[in-house]
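Novice: Let me give you the structure first, and then I'll get to my questions.
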Amino acid sequence: MVATRSFTIAEFETTDREGRWELIDGEPVEMTPSSDESSWIAGEVFFAIRTYLAAHPIGRAFPADAGFIIFADRDTVRAPDVAFVRIERLPTLSRTFVAVAPDLAVEVLSPSDRLADALSKVSMYLQAGVPLVWLIDPIRRTAMVFRQDALPVIIGEHGVLAGEDVLPDFSLPLATLFT
């Protein structure tokens, strides 16, 4: 569902809304709730990153309800299913949307998601400078890994998601996400 009037980020932030919403080029867009499988997978990825951060306190992990201002000049706030931001880019927390794009954005496809829409969101993250994006597909039991200035890589269910230089030494076997 798309609202009928444009909003600035400041207006969007203070507007009462039920459900999950994103702001894309000033247009509020309601997000469909995730399936149980997709939501569970996102929770597992968040938990794995939080566990890693307990031993390597290099940043902050965020669940699906965090809004990230990825283009202030375009009034765009996106909400990845899981996100990570390095501590030097976000040393303190505020009571507003996260003012920087994440260093890692994770999207988990739900049955109601269209792949074209998910890829559009991935493209927007990359345009905003997000260095690493994971798109997890529970149906195909794969993950696509996107990096700045590189071709996407598909990882099969027996492969491993690596944190690369964003989350050094972090690894998550995909098979643990597909039960």
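Novice: Can you tell me how many residues in the range 9-26 are open to solvent by 60 Å² or more (accessible area, probe 1.4 Å) and either touching a residue at least 60 places away in the same chain (Cβ under 8 Å) or more than 16 Å from F68 (Cβ to Cβ) (or both)?
Specialist: 7
Novice: Output yes when any residue across the range 32-55 is touching a strand residue (DSSP E or B) at 6+ places or on another chain (Cβ under 6 Å) and in a strand (DSSP E or B), and no when none is.
Specialist: So far as the range 32-55 goes, no, none of its residues is touching a strand residue (DSSP E or B) at 6+ places or on another chain (Cβ under 6 Å) and in a strand (DSSP E or B).
Novice: Also, I was wondering about something else. If I87 meets every condition in (1) within 18 Å of P131 (Cα to Cα); (2) at pLDDT below 95 apart from one, which number is that one?
Specialist: Among (1) within 18 Å of P131 (Cα to Cα); (2) at pLDDT below 95, the lone unmet condition for I87 is (2).
Novice: Taking the condition of being under 14 Å from D65 (Cβ atoms) and of a type in the set (D, E), how many residues in the range 31-54 meet it?
Specialist: Of the residues in the range 31-54, 0 are under 14 Å from D65 (Cβ atoms) and of a type in the set (D, E).
Novice: Also: Within the range 107-131, take every residue that is acidic (D, E) and either more than 14 Å from A143 (Cβ to Cβ) or modelled with pLDDT under 90 (or both) and give me the one that is surrounded by the most Cβ atoms within 10 Å (Cβ to Cβ).
Specialist: Taking the candidates together, the pick is D113.
Novice: Could you list, in sequence order, all residues of the range 51-74 that are open to solvent by 30 Å² or more (accessible area, probe 1.4 Å), modelled with pLDDT of 95 or more and either of a type in the set (D, E) or farther than 16 Å from V98 by Cβ (or both)?
Specialist: T51, A54, A55, H56, P57, I58
The values are calculated or read from the model by the stated rules, or taken from the named source; none is laboratory data. Since the model is a prediction, treat every value here as computed from it, not as a measurement. Ideal geometry is used to build each Cβ from the backbone, glycine not excepted, and the neighbour counts take in all protein chains shown. When the accessible area is computed, the model is the full protein with side chains, heavy atoms only, and any ligands, DNA or RNA have been set aside. Shrake-Rupley method; radii C 1.70, N 1.55, O 1.52, S 1.80 Å.
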